[in-house]
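Here the structure comes first, spelled out in structure tokens, and everything after it is commentary.
The values are calculated or read from the model by the stated rules, or taken from the named source; none is laboratory data. These numbers come from a predicted model, not from an experiment. Reconstructed Cβ throughout: ideal geometry from the backbone, glycine too, with neighbour counts over all protein chains shown. For the accessible areas, the whole protein counts, side chains as well, though only heavy atoms, and no ligand, DNA or RNA atoms are used. Shrake-Rupley method; radii C 1.70, N 1.55, O 1.52, S 1.80 Å.
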Amino acid sequence: QVQPVESGGGLVQTGGSLRLSCVVTGSVNLSGISRVSWYRQASGKERELVARLINSGHANYPDSVRGRFTISRDNAKNTVYLQMNSLKPEDSAVYYCNRDVAFYGASLIWSWGQGTQVTVSA
């Protein structure tokens, strides 16, 4: 079974930076996955997309994080990264990675991992 394992979260002050990692474990070669994404879910809110990376290297970001977050991947390490700069309290959430839900559909994504908690203090 394919399982993403997220790490790198923590407590940071407003304006700080974090780099999240997502190691995709199991029988999968990340190079064969054309679109991977990072999502976040704040307490009491629905899960939302924060970054999408296409194998071509093109990335999409919502307005809320564009210019501050950068998604990247290392296929040799089966790992997806999310560099987060200029963090704001509203970025506080649990962060997850997965195959892109919009592209693959909810029935074809991996099981959700435990996520990694990011807390940004004011």
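Worth a mention:
- Restricting attention to the range 99-122 and to residues that are small (G, A, S) and surrounded by 15 or more Cβ atoms within 10 Å (Cβ to Cβ), the residue that is nearest to N29 (Cα to Cα) turns out to be G113.
- Residue tally, condition part of a strand (DSSP E or B) and within 16 Å of R68 (Cα to Cα), over the range 8-29: 5
- Residue ID - nearest to A122 (Cα to Cα), chosen from residues in the range 15-29 that are aliphatic (A, V, I, L, M) and open to solvent by 20 Å² or more (accessible area, probe 1.4 Å): L18
- Of the residues making up the range 67-116, those that are in contact with a Gly (Cβ under 7 Å, 6 or more places away or on another chain) and under 12 Å from S37 (Cα atoms) are Y95, Y96.
- Close pairs (6 angstrom Cβ cut-off, 6 or more residues apart or separate chains): under 16 Å from Q83 (Cα atoms) and of a type outside the set (A, V, I, L, M) in the range 1-25, open to solvent by less than 50 Å² (accessible area, probe 1.4 Å) and assigned to a loop (DSSP other than H, G, I, E, B) anywhere: E6/G113; E6/G115; G16/L87; R19/G8; S21/G8
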